[in-house]
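Take a look at the structure set out below.
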């Protein structure tokens, strides 16, 4: 049987190391699901509905060229009055000719040009 001080030490380790990663990080499945939902909305031409999801993805990875491209695309295709240029400027910094729309894709397609 563990002593009370050992339990206290174990609890402190859990609180310091495990709890913050659980509470304050976005796990891969959640990001993937958010991306898939956003991509589905874009394919159904529901640009305004997709934009809040893209904004959340950009909060997680503001320099992700793929996410920036998706935001610019939604702004241009939708009825938003936002300026797409800041998003396009970030998107064209990392372009690939082997683009596939996936949550882990960090490059934008050539279409961003």
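None of 72, 65 is under 24 Å from residue 97 (Cα atoms) and touching a strand residue (DSSP E or B) at 6+ places or on another chain (Cβ under 7 Å) except 65.
Here's a check for you: in region 93-103, which residue that is surrounded by fewer than 16 Cβ atoms within 10 Å (Cβ to Cβ) and free of Cβ contacts under 8 Å to residues at least 60 places away in the same chain is nearest to residue 30 (Cα to Cα)? Spell out how you get there, then give the answer.
First pass over region 93-103, keeping only residues surrounded by fewer than 16 Cβ atoms within 10 Å (Cβ to Cβ): 93, 96-98, 100-102.
The next check asks that each one be free of Cβ contacts under 8 Å to residues at least 60 places away in the same chain; those that pass are 93, 96-98, 100.
Details: 93: 26, 96: 25, 97: 27, 98: 25, 100: 19 Å.
Across region 93-103, the extreme among qualifying residues is 100.
Answer yes or no: is there a residue in region 70-92 that is touching a residue at least 24 places away in the same chain (Cβ under 8 Å), under 22 Å from residue 32 (Cβ atoms) and under 12 Å from the mean Cα position of the chain (by Cα). Among the residues of region 70-92, at least one is touching a residue at least 24 places away in the same chain (Cβ under 8 Å), under 22 Å from residue 32 (Cβ atoms) and under 12 Å from the mean Cα position of the chain (by Cα), which makes the answer yes. Contact map, region 35-53: first residue on the phi > 0 side of the Ramachandran plot and surrounded by fewer than 18 Cβ atoms within 10 Å (Cβ to Cβ), second residue in a helix (DSSP H, G or I) and at pLDDT 95 or above, Cβ cut-off under 9 Å, separation 6 or more or different chains; pairs are 45/77.
Checking region 14-28 against the condition returns no match, with no residue being closer than 16 Å to residue 103 by Cα, surrounded by 10 or more Cβ atoms within 10 Å (Cβ to Cβ) and at pLDDT 95 or above.
The values are calculated or read from the model by the stated rules, or taken from the named source; none is laboratory data. Quick caveat, the model's predicted, so the values are computed rather than measured. Here the Cβ is made from the backbone with ideal geometry for all residues, glycine too, and neighbour counts use every protein chain on show.
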